[in-house]
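Reviewing the structure listed below.
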Amino acid sequence: MNKLIVLLLAGLLCISRQNLQAQVSNTASLLNVHNMGADAAAVKASRDFWQKAGEGMNEQWFKLREGYEANYSDGDTKGRYVYDKHGNWVYSILTYGEEKMPEDVRQLVRSTWFDFGITWVKEVRQAQDLVYVVHMENDKAWKEVAVQEGEMRELKSFCK
């Protein structure tokens, strides 16, 4: 349970940090993937990214104080991969719609909150941990739940 909380907090921190980086231009600099050849850590990170996400994603690379970040958009899927200063993968966050959810996760969520529609899913991976944050809404409320290892926990719930 503590791992879940730590992982979710890390994900939320990263999301808020990404918004902050868009506002403060000196915290990250855009890298050209073709000019990263002199930086061994950047090359290691890019190879790992291409292995995990695939080539031809038209990703954007950013040099951060503590490492590297790759962002891409492929249809309705958005991905963010973060690497440390040595080029080692730290975590990734994928955002997509209900149709790309794993069937077992979808069934678990739908069987509990059958009167809510799933609007988006965030898949957060870090080391051996995998958490799905599922955002749902209906005409009266919206909810966010976390699903990890077959267990579900409500994170937020608001009335409209």
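Please treat every number below as a calculation from the coordinates, not as lab data. Values in this document were obtained by computation on a predicted structure and should not be read as measured data. Cβ: placed from backbone, ideal geometry, glycine included. Neighbour counts: every protein chain shown.
Worth a mention:
- Here the translational diffusion coefficient of the range 97-160 follows from Stokes-Einstein with Rh set to the Kirkwood radius across Cα pairs; for 4 °C and 1.567 mPa s it amounts to 109 µm²/s.
- Above-threshold pairs, the threshold being 32 Å between Cα atoms, out of K85/K160; K85/K143; K100/K156; K78/K156; K85/K156; K63/K100: K85/K160; K85/K143; K85/K156
- V43/E151 FRET efficiency (R0 45 Å; Cβ-Cβ; nearest 0.05): 0.70
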